[in-house]
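Notes for the one structure printed next.
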Amino acid sequence: MPAGSTMIKGARPAADDRAYREALERWRRWLDHEPELPGADRRGAAPPRRVLLISYMFPPAGGATLQRPARLAAYLPTCGWSVEVVTANHERFAWYDATMEDSAGSGVHRVSGWEPACLAGRIASLFRLHTGTDARHHARVEVGRQGRRPTSRFEDALYWRLTALAERLGAGDGSSLWQGPAFRAALRLHRACPFDAVVSTGPPHFVHRIAARLTAVAGLPWLADLRDPLISDFDRGCVGHQPDSASAKLERMILRQARIVVTTCPALREDLLSRYPDRSRDSIRCVTNGFDRRDLHPLLRDPAFTSPRTDHCILACAGSLYGRRELSRIVEPLAGVLSARPDWAAKVRLVVAGTIDREQRRFWQQCAPEWLTFAGYLDHRQALALAAGAACNLVIVPDCAHGRMSIPGKTFELLALPPHILGMVPPESDTARILRRAGNATVVPFEDAGAVRAAFERIIAAHLAGRLIPDRNWQAVEPYDRRRIARRFAACLSAAVQCHCGS
């Protein structure tokens, strides 16, 4: 379902119309204000230093997790760092998003490895050359892959067989087989034109092994960017926090060798500092994710995105639903509200945009209520349009070690939009603190069905009555501007270089 179909035009109650328009005007003024950053004008400055960014996934691959490497590549050059990227050279990622490619920066080196996706493509190409078969015959493009090279049934079958073989051999989905070719490509780039530092950003976390190897051979200062904990208990079946031995070993290697370790969540930084007391506090830093004003400006030109009708209530949930993120913990409390208020049933719609794991998908295909809509994968622009036009956006963080030490990247973009946010998150987590500080947000535990139901009831009632004013403490949101984030990340890079030179 296209995102635009969730945007409903119409008027609000006259009593609150002025407050509503004034709140939107405050947002527009804040969004239009481009604060000058100290030192941003680099005319006459020293030549930029060079950094190699290793990221297995990079636009046009899609997904919220790619915002960070894409924006680092785009904005670090404004902070005195010229960026080149080494990334995978295949199109077998779950999603494709051409809208992110425009702002991802330049200097991208796509490296073919020995992972099943690349190997299947190579073999299929050789087969076509040998047989003379046109790739366009029997070609297909799966949902979410629009814009990518069509693949033949032969290549698809080969890919799935190679993936199954990798799993049997203990290599997971086989993507880690990219490491060797990626390292050799990175080393060639460094020898051709030396870098001043290397950054590895994961997940997937095997990219950190490539950076560690490059550091050992080339003597480069290394910054490890940990977007998520390496040791996770996010799966439904996880009862205790029992670290995987391979992940624990990789984490120890990173904390032993990386000059600077950057996390995206303060709680993860504190956890690493407590478990690795030999590291100085300054060598493990937190640089959160953020929002990009360039992505939000188009919304200002379309009033439909910021004027939802109050006789309808769109609740938007964008992102991946897997592991402990169970859709039933949203649907069941909301069903209870609508059962008690049948007059709301035709006015409320829950729109789920993104991926959902196979087990949940099979269940909801049979049991989805009429007011639940699965929009499927939306590209970045569509997802922002859906969020801007919703009465309330949902942020989900299960109460587990992984959840308490990570902040969903989309949180910061939702904060930069006016609609209300329902944060179903651990009440004492960093995500909860950020939401409370920014305002116009409700925080309840994801696992507390009674609290979730009460929150839904209050939010829907306020919206339908015209009392859910789209406002926020915009000064509290300002520090998460991607340009400010890039400056903080650049400071971490400089610290890595200084630490390396001083050792």
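The values are calculated or read from the model by the stated rules, or taken from the named source; none is laboratory data. In this text, all values refer to a predicted model and were calculated from it rather than measured experimentally. Don't worry about glycine lacking a Cβ; one is built from the backbone with ideal geometry, like all the others, and counts go over all protein chains shown.
Here are the numbers for this structure:
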read-out: Residue list for region 425-444, filter: within 18 Å of Met405 (Cβ to Cβ) and surrounded by fewer than 18 Cβ atoms within 10 Å (Cβ to Cβ); value: Pro427, Glu428, Arg433
read-out: Residue under evaluation Ser339, criteria (1) surrounded by fewer than 19 Cβ atoms within 10 Å (Cβ to Cβ); (2) under 21 Å from the mean Cα position of the chain (by Cα); (3) small (Gly, Ala, Ser), criterion not met; value: (2)
read-out: Residue within region 334-352 that is in contact (Cβ under 8 Å) with a residue 24 or more places away in the chain and under 30 Å from Leu230 (Cα atoms) present; value: yes
read-out: Residue that is surrounded by the most Cβ atoms within 10 Å (Cβ to Cβ), among those in region 264-278 that are outside any helix (DSSP H, G or I) and in contact (Cβ under 8 Å) with a residue 40 or more places away in the chain; value: Thr264
read-out: So Arg472, is it basic (Lys, Arg), out of contact with any strand residue (DSSP E or B) (no Cβ under 6 Å at 6 or more places or on another chain), crowded, with 17+ Cβ neighbours inside 10 Å and on the phi < 0 side of the Ramachandran plot; value: yes
read-out: Checklist (1) of a type in the set (A, V, I, L, M); (2) closer than 18 Å to Val444 by Cβ; (3) not in a strand (DSSP E or B) applied to Ala316, failing item; value: (3)
read-out: Any chance Ala391 is more than 16 Å from Asn289 (Cβ to Cβ), more than 17 Å from the chain's Cα centre (by Cα) and without any contact (Cβ under 8 Å) to a residue 40 or more places away in the chain; value: no
read-out: Given (1) assigned to a loop (DSSP other than H, G, I, E, B); (2) touching a Lys or Arg at 6+ places or on another chain (Cβ under 9 Å); (3) crowded, with 21+ Cβ neighbours inside 10 Å, number of the condition Asp311 does not satisfy; value: (3)
read-out: Arg349 being charged (D, E, K, R) and assigned to a strand (DSSP E or B); value: yes
read-out: Top-ranked residue in region 372-384 [being touching a Ser or Thr at 6+ places or on another chain (Cβ under 7 Å) and either not in a loop (DSSP other than H, G, I, E, B) or not assigned by TED's automatic domain parsing to the domain that holds Leu417 (or both); ranked as surrounded by the most Cβ atoms within 10 Å (Cβ to Cβ)]; value: His380
read-out: Considering residues of region 124-183 that are at pLDDT below 55 and not in a loop (DSSP other than H, G, I, E, B) only, the residue farthest from Arg110 (Cα to Cα); value: His130
read-out: Test: Asp233 is farther than 23 Å from Leu72 by Cβ, modelled with pLDDT under 95 and either surrounded by fewer than 23 Cβ atoms within 10 Å (Cβ to Cβ) or among the small types (Gly, Ala, Ser) (or both); value: yes
read-out: Qualifying residues in region 65-86 (those that are surrounded by fewer than 24 Cβ atoms within 10 Å (Cβ to Cβ) and among the hydroxyl-bearing types (Ser, Thr, Tyr)) - the one farthest from Ala353 (Cα to Cα); value: Ser82
read-out: Residue in region 453-464 that is part of a helix (DSSP H, G or I), within 21 Å of the chain's Cα centre (by Cα) and not basic (Lys, Arg) present; value: no
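Here is a yes/no grid of residues against (1) at pLDDT 95 or above; (2) touching a strand residue (DSSP E or B) at 6+ places or on another chain (Cβ under 7 Å); (3) of a type in the set (Lys, Arg):
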residue	(1), (2), (3)
Arg281	yes, no, yes
Cys286	yes, yes, no
Leu299	no, no, no
Asp302	no, no, no
Arg309	no, no, yes
Leu315	yes, yes, no
Ala345	no, no, no
Trp364	no, no, no
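Condition check ((1) surrounded by 21 or more Cβ atoms within 10 Å (Cβ to Cβ); (2) on the phi < 0 side of the Ramachandran plot; (3) touching a strand residue (DSSP E or B) at 6+ places or on another chain (Cβ under 6 Å)) across all residues:
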position	(1), (2), (3)
Ile330	yes, yes, no
Leu350	yes, yes, yes
Glu359	no, yes, no
Ala388	yes, yes, no
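Residue-by-condition table, conditions (1) assigned to a helix (DSSP H, G or I); (2) under 21 Å from Met100 (Cα atoms):
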{"residue": "Asp295", "(1), (2)": "yes, yes"}
{"residue": "Leu338", "(1), (2)": "yes, no"}
{"residue": "Asp343", "(1), (2)": "yes, no"}
{"residue": "Glu370", "(1), (2)": "no, no"}
